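What follows is a short report on a single structure.
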Amino acid sequence: MQPGIRADGRSADQLRPVSIEPRFLTSTPASCLIRMGATWVLCSAAVEEQVPSFLKGKGQGWVTSDYAMIPPSSQQRIPWNRGINGGRQQEISRMIGRGLRAAIDMKKLGERQILLDCIVVQADGGTRTAGVTGAYVALALAINDLLASGKLTQSPLITPVAAVSVGLVGGQALLDLAYIEDSIADADVNVVMTHGGQLVEVQGTAEGAAFPRQQLDRLLDLASLGNSHLFAAQQAALSQVITAEALAALAATPD
């Protein structure tokens, strides 16, 4: 691809600059701040030694999530929900939860629940996919801490999970859409994948005219490329705060 074809100078198949800062919160060490360009999402994981009522006595755990945007995260202020889940907020929360449940063996987790919070600090497109990618790091840190404390004797992690947006803008397939691109996209697709390239979830919509199957295949190829870089970023972030020995014990076997 020719460089500089996009407003920020990226090529069509290039991610925005990515950084993941692990242990971002002292109050909740199983946390990270993920930055993808001007999109920043704070992700954290809290462990509860109980499960929802529908899982009591079944010998397995649960992973769930909440997603929210703070009021100044966007140029146009986002109102607080005040305990009322809006449709978009609830839908994204469920998407992140589904994505992260694909990363873990619930039987090996035992009868405990891990609550993932994804808070958008600044939004410039791709907040839900950044939430999935960052939430995996928070989840892995929580599992590491359970192993270190002796509450778990083996890691329940199955595979890393990451997500990225792709789309069609002016007929061009683009990776990792910033808001200026997302707002005019002909098609917008969010892709959650495992480390081995298996699809966990694909959310896609033609915003105007329908598009052919071949274009979707191209978008999925772009998503696979982008997620491969995100898996590397997750691993690099975890290696900053976890010893090589502990990381080896934590690491999921790629599927």
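Each value in this text was obtained by applying a stated rule to the coordinates, not by laboratory testing. Values in this document were obtained by computation on a predicted structure and should not be read as measured data. Cβ placement follows ideal geometry from the backbone for every residue including glycine, while neighbour counts extend to all protein chains displayed.
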* Asked: From a point 7 Å beyond the Cα of Q89 in the direction of its Cβ, which residues of the range 109-138 have a backbone N at a distance under 13 Å?
  -> 118-120
* Top mean-square fluctuation among G204, G150, G226, Gaussian network model of the chain, C-alpha springs under 10 Å? -> G150
* **With Cα atoms, 0 to 90° folded angle of helix 213-241 axis to the chain main axis** => 40 degrees
* Asked: Of all DSSP beta bridges located in the range 1-127, what percent are antiparallel, nearest 5?
  -> 70 percent
* Structure fact -> Sorted largest first, the C-alpha extents of the range 167-255 along its principal axes in whole angstrom are 52, 26, 16
* Give the angle, between 0 and 90 degrees and rounded to the nearest 10, that separates the Cα long axis of helix 127-149 from the longest principal axis of the Cα atoms of the chain. => 20 degrees
* To do: Find how many whole Å separate the alpha carbon centroid of the range 153-187 from the alpha carbon centroid of the range 227-249.
  => 21 Å
* Between H229 and L25, with labels modelled 7 Å along Cα→Cβ, what's the label distance in nm to one decimal, could you check? => 2.9 nm
* Just add up the charged neighbours of E48: K/R +1, D/E -1, any other residue whose Cβ is under 14 Å from the Cβ of E48. => -2
* Reach of K56 by Cα under 15 Å, taken over aspartates and glutamates that are not fewer than 8 positions away in the same chain -> E48, E111
* To do: May I ask for the equivalent-ellipsoid semi-axes of the range 18-250, computed as the square root of five times each C-alpha gyration tensor eigenvalue and listed largest first in whole Å?
  => 30, 19, 17
* Asked: Which order do D8, D176 fall in if you start with the one that has the fewest other Cβ atoms within 10 Å?
  -> D8, D176
